[in-house]
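Down below is the structure, laid out as structure tokens.
The values are calculated or read from the model by the stated rules, or taken from the named source; none is laboratory data. If you're wondering where the values come from, they're calculated on a predicted model, not measured in any experiment. Please note: Cβ atoms are built from the backbone with ideal geometry, for glycine as well, and neighbour counts cover all protein chains shown. For the accessible areas, the whole protein counts, side chains as well, though only heavy atoms, and no ligand, DNA or RNA atoms are used. Shrake-Rupley method; radii C 1.70, N 1.55, O 1.52, S 1.80 Å.
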Amino acid sequence: MEKIITVDGLASSGKSTLSYRLSKRLRWPWFSTGVLYRGMAYVALKEKFKEKDYLPFFKSKDWRIELTPFKSLFFYKDIDISSQLYCEEIDEKASFLSASPSYRKALIPFQRDFYSAEKGLILEGRDCGTILFPSAPLKVFLTAPEKKRAERRKKERTKSLSSILKAQRQRDERDQGRYFAPLIQAQEALCLDSSSHTIDNLVQIVYEKAQEIFFKK
Ligand code: DC
């Protein structure tokens, strides 16, 4: 059985926190796939990319992703830029970029290659359980009311709650409305509302499910 757990869901629903904690408990690597779109968005803004520049850059050796224990890092020209990827400008650019079908298609095999049967993998994003690993034995779909999600993001951003809420609504629509790889819940996914649980509780629920699926005698 493939040792894969996918965690998909809406923006700021707590996917990264859950994945990080699961990664620590199971000792499986964690790939926050959003870092790919964020890293590309950073470079596109910095280098003032035009439409024609994206795919050649993607194929170049100017960037890489490294999964260290409990972090997904993006390197541009050998410099780790990961800490610069979590701001409003990148939120916005990454959201537009991730709606491009040709770009998304190019990224599919790249993301799949991070899986190793020996180590297992926790993938977190929007299409991990539907497009990247539709055969994953354990899929989680996280939701939470939009206001709760915006309040979460407010702790990490400088804008007002109302502008965060507005931008979040637009990004949700873009994620759910794109025609290739939209954010949808895989039928068999375990759907959890993160606002109805403490984080410890949430981790425990998924951890127990993982034990049942992957480690049953
Ligand atoms: O999860 P995140 O906020 O770091 O994701 C950044 C952006 O990338 C967000 O706009 C959604 C998009 N994304 C995606 O379309 N598919 C993924 N598998 C992961 C992220």
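For this structure, a couple of remarks:
- Out-of-range pairs (alpha-carbon distance over 29 Å; input K24/K48; K24/K139; K119/K166): K24/K48; K119/K166
- Relative contact order for the chain, counting Cα pairs under 8 Å that sit 6 or more residues apart, in percent: 34 percent
- Summarised as an ellipsoid, the chain has semi-axes of 26, 22, 16 Å, derived from the eigenvalues of the Cα gyration tensor scaled by 5 and square-rooted, with the largest first.
- Between amide H atoms placed 1.01 Å from N, distances below 5 Å from L190 occur with K139, V140, F141, all of them 5 or more places distant or on a separate chain.
- The chain: antiparallel DSSP beta bridges as a percent of all, rounded to 5: 30 percent
- ³J(HN,Hα) computed for each position of segment 95-105 - Karplus, 6.51 cos²θ - 1.76 cosθ + 1.60, integer Hz, glycine/proline x: 5, 5, 4, 6, 8, 7, x, 5, 5, 4, 4
- Sequence ranges 41-49, 124-132, ranked by mean other-Cβ count within 10 angstrom, highest first: 124-132, 41-49
- Theoretical gain in end-to-end length, I199 to R169 [0.36 nm per residue, Cα-Cα removed]: 8.4 nm
- Rolling a 1.4 Å probe over the protein heavy atoms gives the chain an accessible area of 51 Å² per residue.
- For segment 57-94, the set of trypsin sites (Lys or Arg not before Pro) satisfying both a DSSP loop assignment and a count of at most 13 other C-beta atoms within 10 Å is given as K61, K77.
- Rolling a 1.4 Å probe over the protein heavy atoms of the chain, with every protein chain left in place, gives an accessible area that is 53 percent carbon and sulfur.
- Span from the segment 126-148 Cα centroid across to the segment 63-81 one, whole angstrom: 23 Å
- Of all aspartates and glutamates in the structure, those lying under 20 Å Cα to Cα from K61, and not within fewer than 8 positions of it along the same chain, are E47, E51, D53, D78, D80, D113.
- Fully extending the segment from T17 to I184, taken as 0.36 nm per residue of separation minus the present Cα-Cα distance, adds 58.1 nm.
- Above-threshold pairs, the threshold being 31 Å between Cα atoms, out of K52/K154; K59/K209; K52/K77; K59/K216: K52/K154; K59/K209; K59/K216
- P(r) tail fraction, segment 1-123 - alpha-carbon pairs more than 23 Å apart, %: 30 percent
- For segment 81-88, Karplus couplings with θ = phi - 60° (6.51, -1.76, 1.60), whole Hz, Gly/Pro x: 9, 3, 6, 9, 9, 10, 8, 4
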